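Remarks on the structure that follows.
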Amino acid sequence: MIWALSLPIFIPFVTGIAAFLMRSSDAGKWVSVGGAVASLAASIFLMAMVLAEGHVTGQLGTWVAPFGITLVADLLAAVMVLITAITGLAVAIYALGEVSERLERLGYHALYHFLLAGVCGAFLTGDLFNLYVWFEVMLIASFGLLVLGGSREQIDGGIKYVALNLVSTIMFLAGIGLIYGMTGTLNMADLSGAIAEVENQGLVTVVAMMFMVAFGVKAAMFPLFFWLPASYHTPLFSVSAVFAGLLTKVGVYALMRMFTLIFTGDVGFTHEVLLWASALTMLTGVLGAAAQTDFRKILSFHIISQIGYMTLGLAIFTPLGIMGGVFYLVHHIIVKANLFLIAGLGGRLAGGTDLNRIGGLYKSSPMLGALFIIPAFSLAGFPPLSGFWAKYLIVKASLEIEAWFIAFIALLVGLLTVFSMTKIWAEAFWKPHPDKVEPHFGRVTKPVLWASLTPIIGLAVLTIIIGLGPQPFVEFAERAAEQLLDPSAYVEAVLGASEDATGDAAEEAQ
Amino acid sequence: MEPVLAIVVGVLMTASVYLMLSGNMLRFLFGLILISNAANLVIFTGGRLTPGAPALIPTGADSPPGEVANALPQALVLTAIVIGFGLLAFALVLVFRAYQSLGTLEADDMRVAEPEEDRK
């Protein structure tokens, strides 16, 4: 069991080290793709196990919970690891055509896989302090990727990204210290029971808010998102695609985990705050995007507005709401990563991502136009694409709790998303190129073209599959939501598994 | 002892927030150093200050004799210090590099990555 859980973390680390050792030869990039394939296989294996058993747990070094570090996968964690592996593979293939030899020498592939290891670790850990450590692994790798190459824009964006993320990390760390002081444990399953026994529940709410702020920065929620649009348009397209797809979602995942498993004592307050923060996140994100004229900046602001939908699902805190949040999370990773990849290829063909200076993509490369339409319309929520079902679930959930205004905002933001996507379409694809350049596929070499198109097509196909046959995915999200809302099975899986040795601890937790 | 440490944490926090709001990246960095030490002290105090022996178990025994100090917060703080050191080293190099290539340490002047119409 422990192997199934640790392989999705272990493989990227090994791949990263191997890629680093081979960074000066051509083999490095193939090691990277091979490692990504192996990770995908491991995460599919884990997914199959979780589907069969509900929860898979493992204790590192056989130290029994709650004393050792626990790895645990429920449905949400397993699907996040799987989607990480899928995105990881797509972007690793894309990187074949984009990452220059100079950046490979500097260790691009190694950093990339360390990033994936950090992301998977954050999804699979069952220990709060361990979550902090994985956040750091992820963070330091992302710092490296963000400024790799060292152009002026990258350094400028990097400063903002690093500064705000470090502050949020310290907030998280201080929260961990306080929660340990109150309960004496850091095992998440153990905390789930122990937190209710704390006398001063007001203090628990304060700590809950600290965690909300810390993860809110990571997830780029209103009003903590300023680092994201300042930095995501500066690095390589592969880097911004994997950041856009995965990094903010780790924050959302951590919010979902903490505010369903541990901080459920004062739902009336914490989730109400989350509800309004989500609504404002959706609005400010989409309005910010309307003001931008850079392909990637528009997409960056849309990450923010879409994050709002996911946290909204959590804030509604009904089975349907959480289910919508989980569905949204999965759908959005695929769509968003794909849009950044398309922006990358489009930018390469047309000579930039500033919408005022490019154009003519539809006329010269109609296939890219068609491929853009799929994730763009999915993002805006057109049926029958995946985004429609995601938005449908969230809006329905907010109507069910009679939050009319919130539902209205959710629908309005969908409409405004169409506006931004239309702007990209009109500027980058429809209008003729201002410099009379014809951005057809012939402008890049064949291998580069296919390395770019393969992941774009693959992710677009996934979007269509989820859109046309949403039933199994919706059922899956429903099961995941049930698990999240009733953490007793999670607690039992972590603590009960080692009942003989830690019977007392398990009893205490109940 | 706990109240004293709590006050120390408060003072460190205040100083670091003041430094971080100044807009100069070097001061921000100093603020970051202070705040990360404040967070470490929070963990340390959260684990209760116990005037005890080190948590060592003598050969042949199952549990340590008498009252011993809580080793876990110390382990946590140690990890946090190591990670914090790495991050600060990176941040320092980044700020230095920013000074070299952007020619400024003022956060307000760092507008290279922003859209052009905002540039003054």
* Candidates B:Leu49, B:Leu32, B:Leu41 - the one that is closer than 23 Å to A:Leu178 by Cα, within 20 Å of the chain's Cα centre (by Cα), assigned to a loop (DSSP other than H, G, I, E, B) and not polar (S, T, N, Q) -> B:Leu49
* If you check A:Ser168 against the conditions, is it part of a helix (DSSP H, G or I), hydroxyl-bearing (Ser, Thr, Tyr) and touching a residue at least 60 places away in the same chain (Cβ under 8 Å)? -> no
* Asked: Which one of these is in a loop (DSSP other than H, G, I, E, B) and either without any contact (Cβ under 8 Å) to a residue 40 or more places away in the chain or more than 22 Å from the chain's Cα centre (by Cα) (or both): A:Gly352, A:Gly414?
  -> A:Gly352
* Restricting the search to region A:183-213, which residues are in contact with a Phe, Trp or Tyr (Cβ under 8 Å, 6 or more places away or on another chain) and among the hydroxyl-bearing types (Ser, Thr, Tyr)? -> A:Ser192, A:Thr205
* Can you pull out the residues in region A:276-328 that are within 14 Å of chain B (Cβ to nearest Cβ) and of a type outside the set (A, V, I, L, M, F, W, C)? -> A:Gly288, A:Gln292, A:Thr293, A:Asp294, A:Arg296, A:Lys297, A:Ser300
* Asked: Taking the condition among the small types (Gly, Ala, Ser), more than 8 Å from every other protein chain (Cβ to nearest Cβ), touching a residue at least 24 places away in the same chain (Cβ under 8 Å) and under 20 Å from A:Tyr161 (Cβ atoms), does B:Gly31 pass?
  -> no
* **Residue selected from region A:141-154 under the condition at the interface with chain B (Cβ under 7 Å from one of its Cβ atoms) and modelled with pLDDT of 90 or more, by the criterion nearest to B:Met20 (Cα to Cα)** => A:Phe143
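Look through A:Met188, A:Met182, A:Met212 and report the one residue that is within 13 Å of chain B (Cβ to nearest Cβ), in contact (Cβ under 8 Å) with a residue 12 or more places away in the chain and either farther than 20 Å from B:Phe44 by Cβ or out of contact with any His (no Cβ under 7 Å at 6 or more places or on another chain) (or both).
A:Met182
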* Asked: Which of (1) surrounded by fewer than 24 Cβ atoms within 10 Å (Cβ to Cβ); (2) more than 14 Å from chain B (Cβ to nearest Cβ) does A:Tyr112 not meet, given it meets every other one?
  -> (1)
* Structure fact -> The number of residues in region A:426-469 that are within 23 Å of A:Ser100 (Cβ to Cβ) and among the aromatic types (Phe, Trp, Tyr) is 2
* Which condition does A:Val204 not pass, out of (1) surrounded by fewer than 23 Cβ atoms within 10 Å (Cβ to Cβ); (2) farther than 21 Å from A:Leu314 by Cα; (3) more than 10 Å from every other protein chain (Cβ to nearest Cβ); (4) not polar (S, T, N, Q), if it passes all the others? -> (2)
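Does A:Lys160 qualify as being within 14 Å of another protein chain (Cβ to nearest Cβ), of a type in the set (Lys, Arg) and assigned to a helix (DSSP H, G or I)? Walk me through it before giving the result.
Values: within 14 Å of another protein chain (Cβ to nearest Cβ): yes; of a type in the set (Lys, Arg): yes; assigned to a helix (DSSP H, G or I): yes.
In short, yes.
To keep it simple, each residue is scored yes or no on (1) touching a residue at least 60 places away in the same chain (Cβ under 8 Å); (2) aromatic (Phe, Trp, Tyr).
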{"residue": "A:Trp430", "(1), (2)": "yes, yes"}
{"residue": "A:His433", "(1), (2)": "yes, no"}
{"residue": "A:Pro447", "(1), (2)": "yes, no"}
{"residue": "A:Gly458", "(1), (2)": "yes, no"}
{"residue": "A:Gly469", "(1), (2)": "no, no"}
* Asked: What is the number of the single condition among (1) surrounded by 22 or more Cβ atoms within 10 Å (Cβ to Cβ); (2) under 22 Å from A:Gly414 (Cα atoms) that A:Phe237 does not meet?
  -> (2)
* Asked: Can you pull out the residues in region A:370-400 that are over 20 Å from the mean Cα position of the chain (by Cα), buried (at least 16 other Cβ atoms within 10 Å of the Cβ) and at pLDDT below 90?
  -> A:Phe382
* To do: Only one of these is within 10 Å of another protein chain (Cβ to nearest Cβ) and either out of contact with any helix residue (DSSP H, G or I) (no Cβ under 9 Å at 6 or more places or on another chain) or surrounded by 14 or more Cβ atoms within 10 Å (Cβ to Cβ) (or both): B:Ile43, B:Ile7. Name it.
  => B:Ile43
* Please enumerate the residues belonging to region A:163-178 that are of a type in the set (Gly, Ala, Ser), more than 7 Å from chain B (Cβ to nearest Cβ) and over 20 Å from the mean Cα position of the chain (by Cα). => A:Gly175
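Can B:Gly103 be described as without any contact (Cβ under 8 Å) to a residue 24 or more places away in the chain and either facing another protein chain (nearest Cβ under 9 Å) or crowded, with 16+ Cβ neighbours inside 10 Å (or both)?
So B:Gly103 fails the test.
Every residue, every condition in (1) without any contact (Cβ under 8 Å) to a residue 12 or more places away in the chain; (2) over 14 Å from A:Ala493 (Cβ atoms); (3) crowded, with 18+ Cβ neighbours inside 10 Å, yes or no:
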{"residue": "A:Ile44", "(1), (2), (3)": "no, yes, no"}
{"residue": "A:Val50", "(1), (2), (3)": "no, no, yes"}
{"residue": "A:Thr57", "(1), (2), (3)": "no, no, yes"}
{"residue": "A:Leu60", "(1), (2), (3)": "no, yes, no"}
{"residue": "A:Thr70", "(1), (2), (3)": "no, no, yes"}
{"residue": "A:Val79", "(1), (2), (3)": "no, yes, yes"}
{"residue": "A:Leu82", "(1), (2), (3)": "no, yes, yes"}
* Asked: Within the bounds of region B:65-83, is there any residue that is touching a Pro at 6+ places or on another chain (Cβ under 8 Å), farther than 30 Å from A:Asp156 by Cα, of a type outside the set (Lys, Arg) and within 13 Å of chain A (Cβ to nearest Cβ)?
  -> yes
* To do: For region A:456-469, indicate whether the set of residues that are under 30 Å from A:Asn356 (Cβ atoms), at pLDDT below 90 and not in a helix (DSSP H, G or I) is non-empty.
  => no
* Verdict on A:Val133 being of a type in the set (Val, Ile, Thr) and surrounded by fewer than 22 Cβ atoms within 10 Å (Cβ to Cβ) -> yes
* Asked: Can you tell me which residues in region B:46-59 are more than 10 Å from chain A (Cβ to nearest Cβ) and without any contact (Cβ under 8 Å) to a residue 40 or more places away in the chain?
  -> B:Thr50, B:Pro51, B:Gly52, B:Ala53, B:Pro54, B:Ala55, B:Leu56, B:Ile57, B:Pro58, B:Thr59
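The values are calculated or read from the model by the stated rules, or taken from the named source; none is laboratory data. As the structure is a computational prediction, the values presented were derived from the model and not from experiment. Note that each Cβ is placed from the backbone with ideal geometry, even for glycine, and that neighbours are counted across all protein chains shown.
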